[in-house]
1. Across the stretch 26-63, what is the number of residues that are at pLDDT 65 or above and surrounded by 12 or more Cβ atoms within 10 Å (Cβ to Cβ)?
2. Going by the structure shown, is P89 surrounded by fewer than 12 Cβ atoms within 10 Å (Cβ to Cβ) and touching a residue at least 24 places away in the same chain (Cβ under 8 Å)?
3. Checking the structure you have, find out if any residue of the stretch 75-85 is within 20 Å of L204 (Cβ to Cβ), in contact with a Lys or Arg (Cβ under 6 Å, 6 or more places away or on another chain), outside the structural domain of R202 (by TED's automatic domain parsing) and surrounded by 12 or more Cβ atoms within 10 Å (Cβ to Cβ).
4. List pairs: first residue in the stretch 1-25 and closer than 17 Å to L170 by Cβ and loosely packed, with under 12 Cβ neighbours inside 10 Å, second residue at pLDDT 80 or above and basic (K, R) anywhere in the structure, Cβ distance under 8 angstrom, at least six positions apart or on different chains.
5. Considering only the stretch 174-184, I want to know if a residue exists there that is at negative phi, touching a His at 6+ places or on another chain (Cβ under 6 Å) and outside the structural domain of C13 (by TED's automatic domain parsing).
6. Can you tell which of Q147, Q91, Q84 is modelled with pLDDT of 85 or more and part of a loop (DSSP other than H, G, I, E, B)?
Amino acid sequence: MGQANIKWQEVVCKNCGKAFKKKPKKKTLFCSPACSQQYRKEEKHPSWKGDKRINYQVVKCPKEFKEMAFANGNVRLHRLVMAQKIGRPLQKKEVVHHLDENIQNNAPENLELFETNSSHRSKHMEAIKLKTKGAKVSVKCPQEFQQMSWGENRVYLHRLVVAKALKRCLNSKEIVGHKDFNLCNNSLENLLLFENTKEYRRYLETSDRGQKE
């Protein structure tokens, strides 16, 4: 199929806000590799904490736990602490969770072991639901955003606010999240747009309220 027959999709760069066109199936969120790299280094990234991103601590892996090591011989400290606590190497599918959601606190009493990432994720989602305040606000949908309406011509206010800022309708896969988890605070600066549910969950798992351990 020639380039002329491609139905290009116009999106907004997550870093610089510039509009650009991409192929419908392409999942890129940035207008250029430079923007992608800059976003991951600066404070717009979900895991930004002050002057740098917070990452897991790694240490040299002891011989008795060598099956847990990366190719360079290192291992994540929280996984090693848990392995030493239960007296065996962890399986790849097992996930270690930080109870206080601080990935720098690797004290044994702050760690919890899950059999799979699915069970670990469920715990985070339950915690997020408990912390979420208020209820979603719906309003009458303006004519220019009819594609987003549901029921008796209603639209969720947080989605409408973002759509107006972008000057386009949001598609059904796009998710709008609240930074402070207050569903009643629909100011533009409190809202984040995600391309799909998977990206939104990834943000939740790496944010202050949902660190993926």
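1. Of all residues in the stretch 26-63, those at pLDDT 65 or above come to 26-39, 55-63.
Those left that are additionally surrounded by 12 or more Cβ atoms within 10 Å (Cβ to Cβ): 28-32, 35-39, 56-59, 61-62.
Result for the stretch 26-63: 16.
2. Details: surrounded by fewer than 12 Cβ atoms within 10 Å (Cβ to Cβ): no; touching a residue at least 24 places away in the same chain (Cβ under 8 Å): yes.
The answer is no for P89.
3. Residues of the stretch 75-85 that are within 20 Å of L204 (Cβ to Cβ), as a first pass: 78.
Checking the rest, the ones that are also in contact with a Lys or Arg (Cβ under 6 Å, 6 or more places away or on another chain) come to none.
Scanning the stretch 75-85, I find no residue that is within 20 Å of L204 (Cβ to Cβ), in contact with a Lys or Arg (Cβ under 6 Å, 6 or more places away or on another chain), outside the structural domain of R202 (by TED's automatic domain parsing) and surrounded by 12 or more Cβ atoms within 10 Å (Cβ to Cβ), so the answer is no.
4. E10/K21; E10/R168
5. To start, the set of residues in the stretch 174-184 that are at negative phi comprises 174-180, 182-184.
Applying the additional criterion that residues be touching a His at 6+ places or on another chain (Cβ under 6 Å) yields 176.
Filter once more, so that each one left must be outside the structural domain of C13 (by TED's automatic domain parsing): 176.
Yes, the stretch 174-184 has at least one match.
6. Numbers: Q147 fails: part of a loop (DSSP other than H, G, I, E, B); Q84 fails: part of a loop (DSSP other than H, G, I, E, B).
Answer to the selection: Q91.
The values are calculated or read from the model by the stated rules, or taken from the named source; none is laboratory data. Remember, it's a predicted structure, so these values are computed and weren't measured experimentally. Cβ coordinates were reconstructed from backbone atoms using ideal geometry, including for glycine residues, and neighbour counts include every protein chain displayed.
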